[in-house]
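A.B. asks: Pasting in a structure now, in structure tokens, and then I'll have a few things to ask.
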Amino acid sequence: MEAIKTAALTKRYRQALAVDRLSLTVFPGELFSLLGVNGAGKTTTIKMLCGLTAPTGGNAWLLGDSIVEHPQRAKQKLGLSPQETAVAPNLTVAENLQMMARIYGADSAQAAARTGDILCRLSLQPVQKSLAKTLSGGMQRRLSIGMALISGPQILFLDEPTLGLDVLARRQLWALIQSLKGSVTVVLTTHYMEEAQTLSDRIGIMAGGRLTAVGTPGQLMAQTGTTRFEDAFVALAAPEEVAI
Ligand SMILES: Nc1ncnc2c1ncn2[C@@H]1O[C@H](COP(=O)(O)OP(=O)(O)OP(=O)(O)O)[C@@H](O)[C@H]1O
């Protein structure tokens, strides 16, 4: 079964057709990146798949559960590390993780066990007693990913996970994301071409709310006759005139 399947998924705002009949498939264990210039519809797509905003047309399924007909069942399958920070600044790292585990219904013993597991898996033990607001940007993002993983989701959404980070912090997060590959299906959005090319099994390019191309980085370069992935992106990401 596909991890994610969308069929003509659409979001129309009064002033904008943010996502226009998006049909794509993401396979289990895959790391799939959504790329596109500002306003292409990436975040709106993720918000619909995570149940944060309702589609105005079409449908999508997370491991077989429709986000339209069974939104609660679909939500149980996913974790989200959003663009805006999800971290409570005045709680410690461990408290943030425990709080998220309790929100997902764990009792205090289960929450402590899950927190210990995430602290270990994400190498957050050294800062577990630090207030989140004292962490570097990279560590805050690591914590945000930990919070998204605390419920044991099968699908993880990472919306611009390395935005604004320095190159070292970015590389450390890449290593973390790579370590998740295979155990959880990951969908990420990014504006960094090198990041997409390094991490992704496949990439979908959006322009003007539509999916203009899908493939491995190599396939997208071959399709556009380019030898640099950034050139392939430029060729595929120019928004067309969209009739509303
Ligand atoms: N809540 C909203 N109300 C009205 N229009 C919106 C809303 N959210 C997004 N849009 C519009 O939908 C379009 C797609 O926006 P979206 O944020 O999904 O793009 P994006 O590809 O994630 O961009 P970025 O890379 O800048 O994050 C844009 O034209 C945006 O202005």
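A.B. asks: Starting from the Cα of Lys5, draw a straight line to each of the lysines and keep only those under 26 Å, dropping any in the same chain fewer than 8 residues away.
C.D. replies: Lys42, Lys47, Lys75, Lys77, Lys181
A.B. asks: Of the beta bridges DSSP finds with both residues in the chain, what % are antiparallel, to the nearest 5?
C.D. replies: Working: 19 of 37 bridges.
Taking every DSSP beta bridge with both residues in the chain, the antiparallel ones total about 50 percent.
A.B. asks: Still on this structure: Round to the nearest 10 and give me the degree value, 0 to 90, for the angle of helix 108-121's Cα axis relative to the longest principal axis of the chain.
C.D. replies: Around 60 degrees separate the two axes.
A.B. asks: OK, next. For segment 121-191, divide the Cα radius of gyration by the Kirkwood radius and give the resulting Rg/Rh value with two decimals. Don't jump to the answer; show the numbers that get you there.
C.D. replies: Numbers: Rg = 11.9 Å, Rh = 12.6 Å.
With Rg and the Kirkwood Rh in hand, the quotient comes to 0.94.
A.B. asks: Still on this structure: Roughly how many Å is it from the Cα centre of segment 205-231 to that of segment 56-70, as a whole number?
C.D. replies: 27 Å
A.B. asks: Counting Lys and Arg as +1 and Asp and Glu as -1, each charge on the Cβ, what is the dipole of the chain about the Cα centre in debye, to the nearest 20?
C.D. replies: Numbers: 23 positive and 19 negative charges, 94 e Å.
That gives a dipole near 460 debye.
A.B. asks: OK, next. Could you tell me how many degrees, from 0 to 90 and to the nearest 10, lie between the Cα long axis of helix 93-103 and the main elongation axis, the longest principal axis, of the Cα atoms of the chain?
C.D. replies: 70 degrees
A.B. asks: Between the DSSP loop rule and a limit of at most 15 other Cβ atoms within 10 Å, which chymotrypsin sites (Phe, Trp or Tyr not before Pro) in segment 9-86 are left? Spell out each step's value before the answer.
C.D. replies: Working: sites: Tyr13, Phe32, Trp61; in loops: Tyr13.
Passing both the DSSP loop test and the Cβ count: Tyr13.
A.B. asks: Stretch Ala16-Asn38 to full length: gain in nm at 0.36 nm per residue minus the Cα-Cα span? Walk me through the numbers before you get to the answer.
C.D. replies: Values: separation 22, 0.36 × 22 = 7.92 nm, distance 1.34 nm.
So the chain would gain 6.6 nm between Ala16 and Asn38.
A.B. asks: Another one. Please report Rg (one decimal) and Dmax (integer) in Å for the Cα set of the chain.
C.D. replies: My reading of the Cα-based Rg and Dmax gives 18.0, 56 Å.
A.B. asks: Choose one of Ile205, Trp174, Ala112: the residue whose Cα lies farthest towards the positive end of the charge dipole of the chain (beta-carbon charges +1 Lys, Arg; -1 Asp, Glu; about the Cα centre).
C.D. replies: Ala112
A.B. asks: Work out, step by step, the length gained on full extension between Ser136 and His70: first 0.36 nm times the residue separation, then minus their alpha carbon distance; give nm to one decimal.
C.D. replies: Details: separation 66, 0.36 × 66 = 23.76 nm, distance 3.81 nm.
So the chain would gain 19.9 nm between Ser136 and His70.
A.B. asks: From Cα pairs below 8 angstrom and at least 6 apart in sequence, can you work out the relative contact order of the chain, rounded to a whole percent?
C.D. replies: Numbers: 474 pairs, mean separation 62.2, N = 244.
Worked out over the chain, it gives 26 percent.
A.B. asks: Using the Cα centre of segment 171-244 as the reference point, and only Cβ charges (+1 on K/R, -1 on D/E), how large is the resulting charge dipole? Debye, rounded to the nearest 20. Show your work: numbers first, answer last.
C.D. replies: Working: 5 positive and 7 negative charges, 52 e Å.
Computed charge dipole of segment 171-244: roughly 260 debye.
A.B. asks: Next question, about the same structure. With 18 Å as the cut-off, how large is the P(r) tail for segment 69-131, expressed as percent of Cα-Cα pairs?
C.D. replies: When every Cα pair of segment 69-131 is considered, 43 percent fall beyond 18 Å.
Here, each number is a calculation from the coordinates, and none is a lab measurement. Predicted, not measured: the structure shown is a model, and the values here were computed from it. Here the Cβ is made from the backbone with ideal geometry for all residues, glycine too, and neighbour counts use every protein chain on show.
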